[in-house]
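The values are calculated or read from the model by the stated rules, or taken from the named source; none is laboratory data. This structure is a prediction, so every number in the text was calculated from the model and none was measured. A quick note on method: Cβ atoms are made from the backbone with ideal geometry, for glycine too, and the neighbour counts reach across all protein chains shown. Side chains included, ligands, DNA and RNA excluded: accessible areas come from the protein's heavy atoms. Shrake-Rupley method; radii C 1.70, N 1.55, O 1.52, S 1.80 Å.
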Amino acid sequence: MEGAGGSRRPRRFFLQVFPFIVPTLALAGLLRFSTSFFLARRSLPTTSSCGHGEASKLLVDVLGLSLDEVKHLVDEGLLVGNDDDFSRASGADASVASNGDDVGGCWTPRTVDAAVVVVVDALRFDFAAGRLPKSIGSRLQRVPTSSSSSSFSSSSRSQLFTFVADPPTVTMQRLKGLTTGGLPTFADISGNFGGANIDEDSWVQQLRDVPVERRRRRQDRHDASTSTSASTSNGGEGLGEQQQQNRGAHLAFVGDDTWIDLFPVQFDDAHPYPSFNTRDLDTVDDGCMKHLPRLLQNLGGDGDNDKRFDDGEKFELVVAHFLGVDHVGHTYGPNDRHMTEKLGQIDDALSYVLDRIDSTPDHFCRAAFVFGDHGMSEEGNHGGGTEDEINAALFVHYSQGCGSVGNDDTQVTSNTSGAAVVVTSLETDSDELKEAFGSIHQIDLVPTISTMLGLPIPYANLGGLVPALLPPPRQVSRRRNMAADNDYLLATKAATIALALNAA
């Protein structure tokens, strides 16, 4: 009897424990699956530095360039070399390895004085190419080089690209990628419904952190110093000299409040509007048009030496995020009459912005970046990785003072009479249209816009620089041995240096 009782105890114990074994194994398997199947990324706290000689050190230490090669690049004005520390450490001639008084920028000379970033939420490529005739369409016309030739001038100030997004195609993840150069993950998608701020390196944060004086040309520094001295002597108003030299750029924002979730303290003048109600087609867009005239009126680079910039009245960057196109898509779809009406409103708004860029004096360079953060399906939705969802549009427009940018003669076709015509979605299928204009990935804009504004490229950036979007550098050389170089050759040299720094 005792033996029989003893054999029952293990069996009873097993029956008591067994109901917990299966759930435990299931939970362990689910945990293992979720941690291995779903991609996850860790935010890197490291930031790229704008310290003296940082670009020189990257080229020497990482890419293995010789000191003579680096000195040559600095001497020609293609690399910022106000790097006394580097000169002492390497034995380089400080008189040669320093052009910081002539050019402004952290790593490479700054080429854009002020920028406007306009996000049209869910701006699909075919919308930009064929349904915005007043703003984008009119600026894609080209002048033929001769009456008998179908080739066109490459000195255009406007470029249109297919702007390829990485899934998930939701706004918050796309904005993270567009400012840090990183790739979003599906594990982060819940952040789109009330996510946290960005805690890694981005070009927006760099604009705030890098002192304006570090990215100014010598003449601009002189004008600013004169303006500050005059302001102080006339009553002590304005920033103190030391405070002025250490502050970053002034930034302004209006539109979708997702930007403020990501950058809660970076914008000096912010006007966020709630974005979650997809039935609200006009509140955010109307808010953008309410504030944009004043913000653009105070955009830097307007011909008065930016004297008001030093008193906090000028903006180096203005960001506007229109939301109506996305909400119309969710509510009515992309082919409804409401979409036609909304795109007409966006067309008028973009025309106003681009006209402001066109009014820039010739000795200043302003740039406007108009793009969609993602596209939309034929049902008006987004979030996945279909062609319609990932193929947004990027339109870049420069003021006259930026010079000749890129070589974009493929952006037009010619009819039998040789006249320039604008390609529309009604004249060709979408595949031919996209092929005619070329494409870039959204994260490629990050190192490109950083280079234009004279900023360090964000540390965790995975994007590749786009040489076709870089204006030629302002020609600076101690020996003036580049005087014969044309804009295209100069831009090619500068782009090569920027590509090398991005690779480093």
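Can you give me the long-range amide H partners of Leu299? Hydrogens built in the peptide plane at 1.01 Å from N, cutoff under 5 Å, separation of 5 or more residues or another chain.
It is Phe315, by chain and number.
Testing the spin-label approximation: label points 7 Å from Cα along Cα→Cβ at Asp358 and Gln297. State their distance in nm.
2.1
Read phi for every residue in the stretch 75-81 and hand back ³J(HN,Hα) as whole Hz from Karplus 6.51 cos²θ - 1.76 cosθ + 1.60, θ = phi - 60°, with x for Gly and Pro.
Calculated HN-Hα couplings, in order: 4, 7, x, 8, 9, 6, x Hz.
Fully extended, how many nm does the chain gain between Gln400 and Asn381 (0.36 nm per residue separation, minus their Cα-Cα distance)?
Stretched fully, the Gln400-Asn381 segment lengthens by 3.0 nm.
If each of Arg279 and Thr340 carries a label point 7 Å out from its Cα toward its Cβ, how far apart are those two points in nm?
With each label placed 7 Å out from Cα toward Cβ, I get 2.6 nm.
Mind giving me the FRET efficiency for Ser439 and Leu462? R0 is 25 Å, r the Cβ-Cβ distance, nearest 0.05 is fine.
After rounding, the FRET efficiency stands at 0.90.
Holding the Cα-Cα limit at 22 Å, pick out from Lys176/Lys342; Lys134/Lys290; Lys314/Lys493; Lys57/Lys176; Lys176/Lys314; Lys57/Lys314 the pairs that are longer than that.
Lys176/Lys342; Lys314/Lys493; Lys57/Lys176; Lys176/Lys314; Lys57/Lys314
Could you give me the ³J(HN,Hα) list for the stretch 253-261, computed from phi with Karplus coefficients 6.51, -1.76, 1.60 and θ = phi - 60°, whole Hz, x at Gly and Pro?
For the stretch 253-261, the Karplus-derived couplings read 8, 8, x, 3, 5, 4, 4, 6, 4 Hz, x marking Gly and Pro.
Put a dot 7 Å past each Cα toward the Cβ at Ser138 and Lys290; how far apart are the dots in nm?
According to this spin-label approximation, the distance is 2.7 nm.
Quick one: ranking Tyr273, Tyr352 by accessible area, 1.4 Å probe, largest first, what do you get?
Tyr352, Tyr273
Kindly rank 249-256, 397-404, 133-140 from highest to lowest mean number of other beta carbons found within 10 Å of each residue.
Highest to lowest by the protection proxy: 249-256, 397-404, 133-140.
Using the beta-carbon distance between Leu30 and Asn197 and R0 = 30 Å, what value does 1/(1 + (r/R0)^6) give for FRET efficiency, to the nearest 0.05?
With R0 = 30 Å, the Cβ-Cβ based efficiency is 0.50.
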